[in-house]
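Since the structure comes first, as structure tokens, the remarks are kept for the end.
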Amino acid sequence: MNGIITQVEVFRLNIPLKASVTIAIGTISEARNILVKIHTSEGIYGVGEGAPFWMIVGETQDSCLATARDFGRLLLGRPVWDIEGNLRLMDGYLTRNFTCKSAFDMAMYDAAAKYANMPLYQFLGGSKRRITTDETIYIDSPEAMAADALAIKERGAEAIKVKLGKDPKEDIQRIKAIRRAIGDGLPLRVDANQGWDYVSAVQVLKAIAAYGVQYCEQPVKHWDYENLGRVRANSPIPICADESLFDHIDALKLAQKQSVDYFNIKLSKSGGINNALKINSIAEAAGIPCMIGCMSESRLGITANTHLASARQNVVFYDLDSPFEHAIDPVIGGATYRNSYHLDLPETPGHGADFDPEFLGGLESFSVD
């Protein structure tokens, strides 16, 4: 049988940021990710990245590394193309741990598409589409955020994502300052990262509705489905689920409760491509458009996200800007940013991205074989 998993390499993938970034629930100064490389019997390998944003997913880099060792042992001797079977085996062994699973999922899809000699978007049954990311402004003073917004506009962005959720009154001033700086026309997308309660969320959303806000992500706590729906019912701005949406089971609950207008799918949050496809199918059946978002992935993880976005037409919003924050780019191949914001996918089999071997050689790693 071809495509048998013979070795799993796992790397501690630390990528420095140009500057610390702050959202409502915390600050990070470095991307602390993991990289999984799955080797097969014919010498074909797949590569996957997980970005454990611990404040959201409840996993750390160290917990992912420990879990990856166990997952590697589980998968040895199994066919890499049996993605569904392999993921079921992992789920049966250890519940949740979505970020670690997403790295394995991505690596398996990469390898399976290479065996099929197809780019990943084609392997997923899709075609190339125009994918244009927004760019994110992190929490700072209204004046500093307005200056950031103006710089993004001048770089040619088609939409700006604005982090809010620290203080309702100041959040309103942030949006007002940004709109004054950039003028009318350029859409704003706001993300409270669970930072408001119901009253504050409705107050802020009503106050900023006149300033060209396209939607608001996760205005209340991830577990607060009731108030998420109440915010939607009383908000003039559409609501998007982020931290409330991990897997397809969450997607079904949100759709049944009619809690939100949009879903934000992130591979590192949702367990990878397999679960993302299930989420999108539920969303499509419920008439809920989706966005593809990111944590702190390198351009390799962003490439896989872009393939998925391209392959599914129900995905209509794209927030794939995490490499903009990174001080280095050790990825070779993969998606490239044209005119700053347009993502171009390669035609090579798999997702088409890898890491510079010299860079990998300097990382802490272990092998399961």
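The values are calculated or read from the model by the stated rules, or taken from the named source; none is laboratory data. Every value quoted in this text rests on a predicted model; they were computed, and no experiment measured them. Positions of Cβ are generated from backbone atoms using ideal geometry, with glycine treated the same way; all protein chains shown enter the neighbour counts.
Here are the numbers:
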item: Residue identified as under 17 Å from F366 (Cα atoms) and either touching an Asp or Glu at 6+ places or on another chain (Cβ under 6 Å) or not acidic (D, E) (or both) among A51, A107; result: A107
item: Check on Q214, modelled with pLDDT of 95 or more and not in a strand (DSSP E or B); result: no
item: Leading residue by the ranking (nearest to G195 (Cα to Cα)) among those in the range 117-134 that are buried (at least 19 other Cβ atoms within 10 Å of the Cβ) and touching a Ser or Thr at 6+ places or on another chain (Cβ under 8 Å); result: I131
item: Output for the range 80-131, where each listed residue is aromatic (F, W, Y) and in a helix (DSSP H, G or I); result: Y93, F98, F104, Y109, Y115, Y121, F123
item: Among the residues listed as K153, K166, the single one being in contact (Cβ under 8 Å) with a residue 12 or more places away in the chain, outside any helix (DSSP H, G or I) and under 24 Å from the mean Cα position of the chain (by Cα); result: K166
item: Residue that is surrounded by the most Cβ atoms within 10 Å (Cβ to Cβ) [pool: residues in the range 84-116 that are acidic (D, E) and touching a residue at least 60 places away in the same chain (Cβ under 8 Å)]; result: D110
item: Residue in the range 284-292 that is over 25 Å from T132 (Cβ atoms), at pLDDT 95 or above, not assigned by TED's automatic domain parsing to the domain that holds E49 and not hydrophobic (A, V, I, L, M, F, W, C) present; result: no
item: Cβ-Cβ under 7 Å pairs, at least 6 apart or on other chains, the range 316-339 side without any contact (Cβ under 8 Å) to a residue 60 or more places away in the chain, far side in a strand (DSSP E or B) and of a type in the set (G, A, S); result: V331/A353; G333/A353; G334/A353
item: Near pairs, Cβ below 7 angstrom, 6+ apart or cross-chain, from the range 194-218 (more than 19 Å from R179 (Cα to Cα)) to any residue that is of a type in the set (A, V, I, L, M, F, W, C) and in a helix (DSSP H, G or I); result: W196/V204; Y198/V231; A201/V231; V202/V231
item: Residue match in the range 132-146 (condition: free of Cβ contacts under 8 Å to residues at least 60 places away in the same chain and in a loop (DSSP other than H, G, I, E, B)); result: yes
item: Matching option when the condition is touching a strand residue (DSSP E or B) at 6+ places or on another chain (Cβ under 8 Å), in the same structural domain as Y109 (by TED's automatic domain parsing) and either crowded, with 24+ Cβ neighbours inside 10 Å or not acidic (D, E) (or both), among L300, L363; result: L363
item: Those helices (runs of 4 or more DSSP H) lying entirely in the range 254-369 with at least 1 residues basic (K, R) and at negative phi; result: 267-270, 273-286, 299-311
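To keep it simple, each residue is scored yes or no on (1) β-branched (V, I, T); (2) within 20 Å of R299 (Cα to Cα); (3) assigned by TED's automatic domain parsing to the domain that holds T303.
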position	(1), (2), (3)
V47	yes, yes, no
A51	no, yes, no
Q61	no, yes, no
A68	no, no, no
F71	no, no, no
L76	no, no, no
